[in-house]
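The next block holds one structure in the form of structure tokens; read it before the comments.
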Amino acid sequence: MEISSEELTIIVDADACPVKKEIVLTAKAFRVPVAMVASYDHRLQPEEGVRIVQVDRSQQSADLFIANLVKAHDILVTQDFGLAAIGLAKGAVVLSNRGQIYNNENIGFLLERRHEHAKQRRNGHYGKGPKPFTEEDRVNFLHTLTKTLEHLQENSSL
């Protein structure tokens, strides 16, 4: 059974996404359309089954476009906790580019931690930043995306 493209799109916050290639290949295998959203500063190559959306450079343009685009049963790939919270509120499945599944149980903690880190930075305390993206992260993401699509396919009565 095929996942209906009317029910599901993989929407990618593509500005800093290191797994775009993996998303496209996996989406093709499951016959699911992809929408890549990025600012004009990022060059994205059009491909069959991939809709490219380029937005202006302002800080929240891609996030605002995605927030208006995402709907229930979509898969949203982002590392932005605020955008993840919006996706969850709209009923989307939300994944980080490292394969973490955001859900209603962990998003509050992640948003609070982001807020605390921002307060520390304003007070002159800077952390190390995110750890470098690894091949293990890539494999973990691919595994999570595949399992998510398989699950949605098996339960396509959505």
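The values are calculated or read from the model by the stated rules, or taken from the named source; none is laboratory data. These numbers were taken from a predicted model, which means no experiment stands behind them. Neighbour counts run over all protein chains shown; Cβ positions are idealised from the backbone, glycine included. Just the protein is used for accessible areas: all its heavy atoms, side chains included, with ligands, DNA and RNA removed. Shrake-Rupley method; radii C 1.70, N 1.55, O 1.52, S 1.80 Å.
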LEU95 being open to solvent by 70 Å² or more (accessible area, probe 1.4 Å), within 22 Å of ALA27 (Cβ to Cβ) and either within 14 Å of the chain's Cα centre (by Cα) or modelled with pLDDT under 75 (or both): no
Just wondering, is there one or more residues in the stretch 116-123 that are open to solvent by less than 50 Å² (accessible area, probe 1.4 Å), farther than 22 Å from GLU22 by Cβ and either assigned to a helix (DSSP H, G or I) or modelled with pLDDT of 95 or more (or both)? yes
For the stretch 21-44, does any single residue satisfy the condition of being touching a helix residue (DSSP H, G or I) at 6+ places or on another chain (Cβ under 9 Å), part of a loop (DSSP other than H, G, I, E, B), modelled with pLDDT of 95 or more and buried (at least 20 other Cβ atoms within 10 Å of the Cβ)? yes
